[in-house]
Structure formats: structure tokens, C-alpha cells
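Shown below is the structure under consideration.
Every number in this text was worked out from the coordinates using simple rules, so none of it is lab data. As the structure is a prediction and not an experimental result, all values here were calculated from the model. Neighbour counts run over all protein chains shown; Cβ positions are idealised from the backbone, glycine included.
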Amino acid sequence: MELAYYSDYAVRLVNTEQPERGTDSLTSVEAVRELFGPAQQAARRATDSDVTRLRTVRARLRAVFEAADAGDEVLAVDLLNALMMEFPVSPQISGHEHRDDGGTSRSWGSPRSSGAESGGGRPDWHMHIADHAANATAGYTATACMGLAFHLTDLGVDRLGICQARPCRNVYLDTSTNRSRRYCSDRCATRANVAAYRARKRLESERSARTGRTAETTQDSTPATDR
């Protein structure tokens with residue numbers, strides 16, 4: 001589903017804040033525009049007001065991920081539905097490419113171009129979100145929520161995760177085949193594995209030290225005649 005791509009909008013917005021580190025990169029209009037990525041036309045409408053608006057949306061989207069991470073599917077869906085009711089979308093069919101006779105996608109010219117004029121075949125139609133929002137926040141939020149909704153319904157609520165490598169609390173979308181993802185990035189996974197290894201070695205060392213002290217105590221308490 002083409003719209004599932006937009007789920008990354010939600011991840012990008014939520015991860016502009018690191019709650020346990022006390023950092024926040026969503027502090028300017030430029031930061032808002034960077035969230036849109038290649039969607040420069042929509043980004044140009046961003047104003048200072050969108051910084052505050054998107055921060056509010058960010059907190060609500062994080063609550064969706066937190067509910068999903070806690071296993072509360074109903075709450076996660078209710079929170080996301082509330083956002084979609086407040087920020088509705090206008091879907092439309094778009095055809096930026098066309099397929100040749102072999103099914104290969106090729107560049108599609110202007111909306112009025114015919115298949116014959118562009119080399120034959122038919123348009124590669126897909127669903128797209130039309131941007132008729134009143135401001136940058138409304139457009140971004142509608143896109144993020146619809147993408148997240150498609151991801152959730154296609155793959156399941158348990159595919160919305162929060163990184164388990166403390167203090168990182170970045171969110172992520174689990175697209176692994178066996179639903180095994182636990183970290184937002186390879187960096188966090190490596191850091192967590194190293195920390196776990198060090199913790200095991202420290203525990204082994206402490207156990208070894210305790211065992212050694214117990215043996216010494218036992219030997220010292222044994223009567224000389226029994227030695």
C-alpha cells in the first residue's frame with residue numbers, strides 16, 4: 001500500500017524529542033520544514049506557529065506508540081482515531097509513472113499525457129494524499145496519521161515500538177519478518193548488547209569472588225585435626 005510510506009512522517013516527528021535526555025530539535029521553522037523532506041511545497045507554508053502546533057501533535061503521537069508498546073491495542077487505536085478525526089485527509093488517485101507491456105514502471109509525463117505519447121503502456125496508479133490543509137501542521141499531521149493507520153492495520157499494533165536501549169526512547173516501525181525488532185537503530189542495538197555483555201561479566205566476576213570467599217571461610221573454620 002502506497003500510503004504506508006507516510007508512516008515515517010509520524011516516526012520523524014516523534015523522534016525530534018528525546019524525553020529522557022531532555023533534548024528537543026523541533027525549535028524553529030527550519031526544523032519544521034526539514035520534517036517534510038522532499039515535500040518542499042507543503043514545507044514552504046510553515047510558520048513559527050507550526051513549531052508549537054507540531055509539538056502538541058508529537059506528544060499525542062508518542063502516546064499512540066506508548067500504548068502500543070504497552071500492549072494496549074484499543075487505546076492506541078482510539079488515540080490515533082482521535083487524531084485522524086481532528087486532522088482528516090483527502091485521498092486521490094495519482095499516476096506519476098506508467099507501465100510498459102512487461103510490467104516495468106517508467107516515467108509518466110504530465111497528467112494529460114496518454115500512454116501512447118509516453119511510450120505505451122498504462123499509468124502506474126496509486127493512492128496519494130492531496131494537500132488541501134489550512135496550515136503546515138494540519139497537512140503534516142493528516143499525512144503522518146494516515147500512514148501510521150495503514151501500517152497499523154496492515155501489520156498490527158505490535159509493530160509500533162519504542163527503543164529499549166535506555167536512555168533512548170525513539171520510536172520505530174517494526175518491519176522485520178519475525179516481529180523481533182527491539183531497537184530504533186543498529187547503534188542502539190550494539191550499545192544495548194555491549195551493556196548486557198558487561199553486566200553478565202560483572203555478575204560472573206561477583207559470583208566468582210563470592211564463591212572464593214566462601215571457600216576460604218570454610219577452610220579457615222575447619223578444625224586443625226580434620227585438615
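Ranked highest first by the average count of other Cβ atoms within 10 Å around their residues, in what order do 21-27, 56-62, 205-211, 186-192 fall?
Details: 21-27: 11.6, 56-62: 17.9, 205-211: 10.0, 186-192: 13.9.
Highest to lowest by the protection proxy: 56-62, 186-192, 21-27, 205-211.
Using DSSP to call loops (not H, G, I, E or B), can you name the trypsin sites (Lys or Arg not before Pro) in region 135-182 whose Cβ has at most 16 other Cβ atoms within 10 angstrom?
Values: sites: Arg159, Arg169, Arg179, Arg181, Arg182; in loops: Arg169, Arg179, Arg181, Arg182.
In loop regions of region 135-182 (DSSP not H, G, I, E or B), the sparsely surrounded trypsin sites (Lys or Arg not before Pro) are Arg179, Arg181, Arg182.
Scan region 1-61 for GluC sites (Glu not before Pro) in coil per DSSP, keeping those whose Cβ has at most 16 other Cβ atoms within 10 Å, and list them by number.
Glu20
Name all residues of region 162-205 having a backbone nitrogen under 13 Å from the label point set 7 Å from the Cα of Thr211 along its Cα→Cβ direction, giving them as ranges.
Taking a point 7 Å out along Cα→Cβ of Thr211, the residues of region 162-205 whose backbone N falls under 13 Å are 203-205.
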